[in-house]
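What follows is calculated from the coordinates using simple rules that are stated; it is not laboratory data. Just so it is clear, the model here is predicted, and its values are computed rather than measured. In this analysis, Cβ positions are derived from the backbone assuming ideal geometry, glycine residues included, and neighbour counts consider all displayed protein chains.
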Amino acid sequence: MAKKYLIHFAIAHGEFRYPELQSISELFDFEIKLPESKDELDTSLPFLIVELEKDVHAQFIAQRCILVKAVYELWVVASSKEELHHRNHEISCIWKPFENHSFRFDVTAINHTIPMTRQRDIIEDFAYMDYKGDIDMKNPSVVLAYFEECLSSCQALLVSSSDPNG
């Protein structure tokens, strides 16, 4: 069964994103399911949500695409803080297996800035996940990432990458 992944692109050369993704998928013989909505394919945005059959396909993209900064397994998309945490609680079976791994938590904003004090509050809001592994800012086993995008209303999503190095 396919899983959703969030691809974080470099802002430059948006017109080459999809040809590069197609090239890597052909080279390694796998399919990338792109969104059907043209709005979600907007190359002016730094993110794209895709579906892939295997985690290794995400690793191929992260390691081989020069326009890709990172690829994250997408866990939750929500339009409010309450909805985000409710949905995250519902999928605890996905994140519980990583609770004893070294980790880092990243907070990123698109179209606005999140002050450091609010970033700390966002991270602390996830304390219920009760990760027991070491906090490792340089080489963690797991990167938990919170992305917040403000358009007309803010949307928040929590994502994870079990292999931050690609």
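Points worth noting:
- For Ala127, net neighbour charge (Lys/Arg +1, Asp/Glu -1) across residues whose Cβ lies under 13 Å away: -3
- The protection proxy used here, the mean number of other Cβ atoms lying within 10 Å of each residue, ranks peptides 96-103, 53-60, 126-133 as follows, highest first: 53-60, 96-103, 126-133.
- Modelled FRET efficiency - R0 22 Å, Leu34 with Asn111, Cβ distances, 0.05 increments: 0.45
- Alpha-carbon Debye profile of region 1-91, log10 I(q)/I(0) at 0.23 Å⁻¹: -1.19
- Residue list for region 41-58, given a label point 7 angstrom along the Cα-to-Cβ vector of Ile11 and an amide N cut-off under 13 Å: 44-47
- Computed over the chain, the per-residue total of -39500 (n - 2.57) for DSSP H runs of n ≥ 4 gives a 222 nm mean residue ellipticity of -7500 deg cm²/dmol, rounded to 500.
- Rg ratio for the chain: its Cα radius of gyration over 2.2 N^0.38 Å, N being its residue count, equals 1.03.
- Note on Asp42 and Ser141: the model spin-label points, each 7 Å out from Cα along the C-beta direction, lie 3.9 nm apart.
- In a fully extended conformation the segment linking Ala2 and Glu99 would gain 32.5 nm over its present Cα-Cα distance, using 0.36 nm per residue.
- For Ser80, net neighbour charge (Lys/Arg +1, Asp/Glu -1) across residues whose Cβ lies under 14 Å away: -3
- Charge dipole magnitude, Cβ of K and R +1, D and E -1 - region 1-98, Cα centre, debye nearest 20: 340 debye
- Virtual spin-label span in nm between Lys132 and Glu82, 7 Å along Cα→Cβ: 3.3 nm
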